[in-house]
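In what follows, a structure is listed as structure tokens, so that the remarks can point back to it.
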Amino acid sequence: MKTFQQFLNDLGARESAGNYKAFNKYGYAGKYQMGEAALVDAGYYRKYSGIYNNDWRGEFTGKGGVWSIQDFLNNPKAQENAQIVFKKKQWGYLKAVGADKYTGLIINGYKITPSGLLAGAHLKGAGSVISYLKSGGKSISKDAFGTSVESYMKQFADYDVSEVTGLIISQSRNSGK
């Protein structure tokens, strides 16, 4: 099983080819392509009104010396810290919707794992992950580039993320669905 650091490295490679200065056409920033909502969760940003649309019209908090989107793009240490904080927050969201209860089940021929859940949530959020799980793998949401939650859950299924989740990976169970 791969380590949490390998999870982060591989996720960053998938999101931006590991480029800390990456900024896509939808306003997602850095190695992990984090948006406004993610940086709010990580404590780096405040959005005062409106929807999370990555217009970056809110305010950076100064955490880790990050006062602007440019500061964030130029600060690999802040990006790594933000991602770890965000993953812990995401695990809380996944637990809140009950996604953690699916760990170990087999859906569409692959095992649901904590690292797969985190990767799916990274792509489309905990809501899309639980929809996928509750549908037995029939409801497969995709991001704006056409990448599916299922593909992320499969690609990132074999990592030890216990330092985020506190879970020890258990034996497979069949879903019976």
**Item:** Subset of segment 107-153 (residues that are farther than 23 Å from A37 by Cα and assigned to a loop (DSSP other than H, G, I, E, B))
**Value:** N108, G109, I112, T113, S135, G136, G137, K138, S139
**Message:** Quick check on segment 94-107. Is at least one of its residues over 12 Å from M153 (Cα atoms), under 11 Å from the mean Cα position of the chain (by Cα) and buried (at least 21 other Cβ atoms within 10 Å of the Cβ)?
**Reply:** yes
**Asked** Taking G50, is it out of contact with any Pro (no Cβ under 8 Å at 6 or more places or on another chain) and modelled with pLDDT of 95 or more?
**Response** no
**Message:** Quick check on my filter: what residues within segment 64-96 are of a type in the set (S, T, Y) and touching a strand residue (DSSP E or B) at 6+ places or on another chain (Cβ under 9 Å)?
**Reply:** S68
**Asked** Restricting the search to segment 53-85, which residues are surrounded by 15 or more Cβ atoms within 10 Å (Cβ to Cβ) and either charged (D, E, K, R) or not in a helix (DSSP H, G or I) (or both)?
**Response** N54, W56, G58, F60, T61, K63, V66, D71, N74, N75, E80
**Message:** Out of the residues in segment 17-46 meeting the condition of being in contact with a Phe, Trp or Tyr (Cβ under 7 Å, 6 or more places away or on another chain) and part of a helix (DSSP H, G or I), tell me which one is surrounded by the most Cβ atoms within 10 Å (Cβ to Cβ).
**Reply:** L39
**Asked** Pairs, please: C-beta under 6 Å, at least 6 apart or cross-chain, first residue β-branched (V, I, T) and in segment 108-136, second surrounded by fewer than 24 Cβ atoms within 10 Å (Cβ to Cβ)?
**Response** I112/Y102; I112/T103; I112/L105; T113/A157; I130/V97
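The values are calculated or read from the model by the stated rules, or taken from the named source; none is laboratory data. Computed from a predicted structure; not experimentally measured. When we count neighbours, we look across all protein chains shown, and the Cβ atoms used for this are built from the backbone with ideal geometry, even at glycine.
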